[in-house]
Amino acid sequence: MSEISFNFTLIKLPSDKTLKKMSSMRLKRTCQIMLLILIGSASVQAQNRLIIEADKGQNTINKHIYGHFSEHLGRCIYGGYWVGEDSSIPNTRGIRNDVVQALKDISIPNLRWPGGCFADEYHWMDGIGPRENRPKMINTHWGGVVEDNSFGTHEFLDLCEQLGTEPYISGNVGSGTVEEMSKWVEYITFDGESPMANLRRKNGRQEPWKVKFWGVGNESWGCGGNMTPDYYSDLYRHYATFARNYGDNRLYKIACGANGGDYNWTETLMKNAGRQMQGLSLHYYTVPKDWGDKGSATNFDEEEYFTTIEKTLFMDELISKHSAIMDRYDPRKRVGLIVDEWGTWYNVEPGTNPGFLYQQNTLRDAIVAGINLNIFNAHSDRVQMANLAQTVNVLQAVMLTDEEKMLLTPTYWVFYLYKVHQDATLLPISFTSNKYRQGDREIDAVSVSASKDANGKIHITLVNADPNSEQRINTQLIGATAKNIKGKILTSGKINDYNSFEQPSKVKVNDFKGASLSNNNLSVVLPSKSVVMLEIQ
Ligand code: AHR
């Protein structure tokens, strides 16, 4: 890494007289930024260059980008949230208090449930009424275990109320019926006299719940029914028609979207059903190796680490390309791109049930999370929601539990740092990153995002993916009078450090002292393999 330090200097711009000839202030600003970039390029090549337009910004970063996902899978629902009312683990109506508090602390905006693949074999009526009468089923997707339906609609919506979060329910298209989904919506949201509303009352809930986010099928191209996009489009229109808006409850209906780079799926759905949907989903997992041997969560070398980051950066291209298709059918960006499953997927921890998808979570996962959240922010004109898979004990979990013990993973701390972006205004940035290289491959070392909140505070989140070198970043803040700066950092000695029940705070957030302000020039020294959040006032 270059030791030459570099300062952006605002060189004298054309006089106001000259600029008057230019048609607008916007042109002046563009000119200013171009000059800054040119100065940077001319002087030192290997230097991160960042310009933030602090007085600009049009898009709100939808808080739902910071959403989560919980499936009836392994120990996510059972053990992760639900321990039952008689458990010695502190709980409120059967739901663990420690898990609820931790999710509240990251301001969880929404929670997707009951799947995933499980959603397309879930029959909601099995999960209502007295628990002792609820039928048992086999969870064929995930470990073939018995699902006793003790956590159902009432328990999930109670969980959401305890969390203060918005529910996102995935309805069953794969093995359900239009009638079944239609009745579920009626059961939850209808306030009047009707068979389903009366059944809800009989089961102890007088008032309807408010539910906005409603998924119509999950991975219908795969575990949700192996459908073609044309066939699914028709089904989507059919199911969505009977998922009614009752009273002032307005459903935001989300159609099953593409598997990674299946652009034909997006094209077909937008063409056939674009007008009937509010959201279209996208699923993309970061798998370091391949689906046969995905790689270990904790035991990896630098080459595998590099590949993980390279693959996670693909999210940017995916969103750009799916958005470009959506733009053709929906230029006003009415339909949200909903990345409702993302995260890392590794081999399960040795000795655990292969169907439970239990994996550890290292500093590498924190880097992955920071990069993806910066990407979602950057695309917040189209990306209206994202859901990390999954909250507790499954895949890139933010928490792990072992009976009464609970720990927060490095990924949790990224959501903790980034919560400042929720519903803030995305600030335009211009950024050129140094490269992180492995042999003849190279990727950007640094990822960045900036926003301004309702109180005028500017937040910048930075990720240095390079595990070997610090990164110096000289930043020009345009259009702000910056007086104070403070920051937090997440890093650790080794890229594969993680929190265990023996050492639950090995990877944790600390105060960050590596940033300084001089006028509106901000200098940051990002340690290797770190995630940093800066707050400027
Ligand atoms: O998150 C685990 C699984 O991954 C989900 O059930 C499914 O939708 C996806 O394939």
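So, in the stretch 459-477, exactly how many residues are of a type outside the set (D, E, K, R), open to solvent by 10 Å² or more (accessible area, probe 1.4 Å) and modelled with pLDDT of 95 or more? Can you show your working first?
Pass one, the stretch 459-477, residues of a type outside the set (D, E, K, R): 459-465, 467-469, 471, 473-477.
Keeping just the survivors that are open to solvent by 10 Å² or more (accessible area, probe 1.4 Å) gives 467-469, 474, 476.
Keeping just the survivors that are modelled with pLDDT of 95 or more gives 467-469.
Residues in the stretch 459-477 being of a type outside the set (D, E, K, R), open to solvent by 10 Å² or more (accessible area, probe 1.4 Å) and modelled with pLDDT of 95 or more: 3 in total.
Right, residue 339: free of Cβ contacts under 8 Å to residues at least 12 places away in the same chain, within 16 Å of the ligand (Cβ to nearest atom) and closer than 27 Å to residue 170 by Cα or not? Give the derivation first.
Values: free of Cβ contacts under 8 Å to residues at least 12 places away in the same chain: no; within 16 Å of the ligand (Cβ to nearest atom): yes; closer than 27 Å to residue 170 by Cα: yes.
Spelling it out, it is not the case that residue 339 is free of Cβ contacts under 8 Å to residues at least 12 places away in the same chain, within 16 Å of the ligand (Cβ to nearest atom) and closer than 27 Å to residue 170 by Cα.
Between 209, 142, 184, which is within 16 Å of the ligand (Cβ to nearest atom), among the aromatic types (Phe, Trp, Tyr) and touching a residue at least 12 places away in the same chain (Cβ under 8 Å)?
Numbers: 209 fails: within 16 Å of the ligand (Cβ to nearest atom); 184 fails: within 16 Å of the ligand (Cβ to nearest atom).
Every option except 142 fails the conditions.
Right, residue 213: at pLDDT 95 or above, open to solvent by 40 Å² or more (accessible area, probe 1.4 Å) and not acidic (Asp, Glu) or not?
Details: at pLDDT 95 or above: yes; open to solvent by 40 Å² or more (accessible area, probe 1.4 Å): no; not acidic (Asp, Glu): yes.
No, not satisfied.
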Inset, instruction - Might you check whether a residue that is within 16 Å of the ligand (Cβ to nearest atom), in a loop (DSSP other than H, G, I, E, B), of a type outside the set (Phe, Trp, Tyr) and touching a residue at least 12 places away in the same chain (Cβ under 8 Å) occurs anywhere in the stretch 360-373? - result: yes
Legend entry - Selected residue [free of Cβ contacts under 8 Å to residues at least 12 places away in the same chain and β-branched (Val, Ile, Thr)] from 392, 348, 383: 348
Legend entry - Matching residues in the stretch 284-305 - criterion: being surrounded by fewer than 22 Cβ atoms within 10 Å (Cβ to Cβ) and within 22 Å of residue 449 (Cα to Cα): 284, 285
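If we scan the stretch 343-357, do we find a residue that is part of a helix (DSSP H, G or I) and either farther than 24 Å from residue 74 by Cα or charged (D, E, K, R) (or both)?
As a first pass, look at the stretch 343-357 and keep what is part of a helix (DSSP H, G or I): 354-356.
Of the ones still in play, those that are also either farther than 24 Å from residue 74 by Cα or charged (D, E, K, R) (or both) are none.
The answer is no, given that none of the residues of the stretch 343-357 is part of a helix (DSSP H, G or I) and either farther than 24 Å from residue 74 by Cα or charged (D, E, K, R) (or both).
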Legend entry - Number of the condition not met by residue 85 [criteria: (1) open to solvent by 30 Å² or more (accessible area, probe 1.4 Å); (2) over 25 Å from residue 410 (Cβ atoms); (3) not in a loop (DSSP other than H, G, I, E, B)]: (3)
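Any residue that is in a helix (DSSP H, G or I) and of a type in the set (A, V, I, L, M, F, W, C) - is there at least one of those in the stretch 285-303? Can you show your working first?
Going through the stretch 285-303, the residues in a helix (DSSP H, G or I) turn out to be 302-303.
Checking which are of a type in the set (A, V, I, L, M, F, W, C) leaves us with none.
Looking for residues that are in a helix (DSSP H, G or I) and of a type in the set (A, V, I, L, M, F, W, C), one finds none in the stretch 285-303, hence no.
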Inset, instruction - Please list, ordered by first then second residue, the pairs with beta carbon atoms under 6 Å, 6 or more apart or interchain, first in the stretch 106-120 and away from the ligand (no atom under 11 Å from the Cβ), second part of a strand (DSSP E or B). - result: 108/68; 109/67; 110/67; 110/166; 110/168; 111/68
Inset, instruction - Give the residue that is farthest from the ligand (Cβ to nearest atom), with candidates limited to residues of the stretch 413-431 that are of a type outside the set (A, V, I, L, M, F, W, C), touching a Ser or Thr at 6+ places or on another chain (Cβ under 8 Å) and not in a loop (DSSP other than H, G, I, E, B). - result: 425
Inset, instruction - Select, from 454, 465, the only residue that is within 22 Å of the chain's Cα centre (by Cα) and free of Cβ contacts under 8 Å to residues at least 40 places away in the same chain. - result: 454
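Residues to consider are 355, 279; find the one that is closer than 30 Å to residue 424 by Cα, open to solvent by less than 20 Å² (accessible area, probe 1.4 Å) and not polar (S, T, N, Q).
Numbers: 355 fails: closer than 30 Å to residue 424 by Cα.
Only one candidate qualifies: 279.
Residue by residue through the stretch 375-397, note down the ones that are away from the ligand (no atom under 14 Å from the Cβ) and open to solvent by less than 10 Å² (accessible area, probe 1.4 Å). Steps first, please.
Step one: filter the stretch 375-397 for residues away from the ligand (no atom under 14 Å from the Cβ), giving 375-385.
Of everything in the stretch 375-397, those that are away from the ligand (no atom under 14 Å from the Cβ) and open to solvent by less than 10 Å² (accessible area, probe 1.4 Å) turn out to be 376, 377, 380, 382, 383, 385.
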Inset, instruction - With the condition kept exactly as written, say whether any residue in the stretch 309-328 is more than 28 Å from residue 362 (Cβ to Cβ) and open to solvent by 60 Å² or more (accessible area, probe 1.4 Å). - result: yes
Legend entry - For residue 421: the one exception among (1) surrounded by 19 or more Cβ atoms within 10 Å (Cβ to Cβ); (2) under 30 Å from residue 301 (Cα atoms); (3) in contact with a strand residue (DSSP E or B) (Cβ under 6 Å, 6 or more places away or on another chain): (2)
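Restrict the check to the stretch 400-412 and report whether at least one residue is more than 15 Å from the ligand (Cβ to nearest atom), touching a helix residue (DSSP H, G or I) at 6+ places or on another chain (Cβ under 8 Å), in a helix (DSSP H, G or I) and open to solvent by 40 Å² or more (accessible area, probe 1.4 Å). So that I can check it myself, show each step before the final result.
As a first pass, look at the stretch 400-412 and keep what is more than 15 Å from the ligand (Cβ to nearest atom): 400-410, 412.
Okay, now just the ones that are also touching a helix residue (DSSP H, G or I) at 6+ places or on another chain (Cβ under 8 Å), so 401, 406, 408-410, 412.
In the following step, the residues that additionally are in a helix (DSSP H, G or I) were identified as 410, 412.
Those still in the list that are open to solvent by 40 Å² or more (accessible area, probe 1.4 Å) too: none.
Checked against the condition, which is being more than 15 Å from the ligand (Cβ to nearest atom), touching a helix residue (DSSP H, G or I) at 6+ places or on another chain (Cβ under 8 Å), in a helix (DSSP H, G or I) and open to solvent by 40 Å² or more (accessible area, probe 1.4 Å), the stretch 400-412 yields no hits at all.
The values are calculated or read from the model by the stated rules, or taken from the named source; none is laboratory data. These numbers were taken from a predicted model, which means no experiment stands behind them. Here Cβ is always computed from backbone atoms with ideal geometry, including for glycine, and neighbour counts include all displayed protein chains. To get the accessible areas, we keep the full protein, side chains included, count just its heavy atoms, and leave off ligands, DNA and RNA. Shrake-Rupley method; radii C 1.70, N 1.55, O 1.52, S 1.80 Å.
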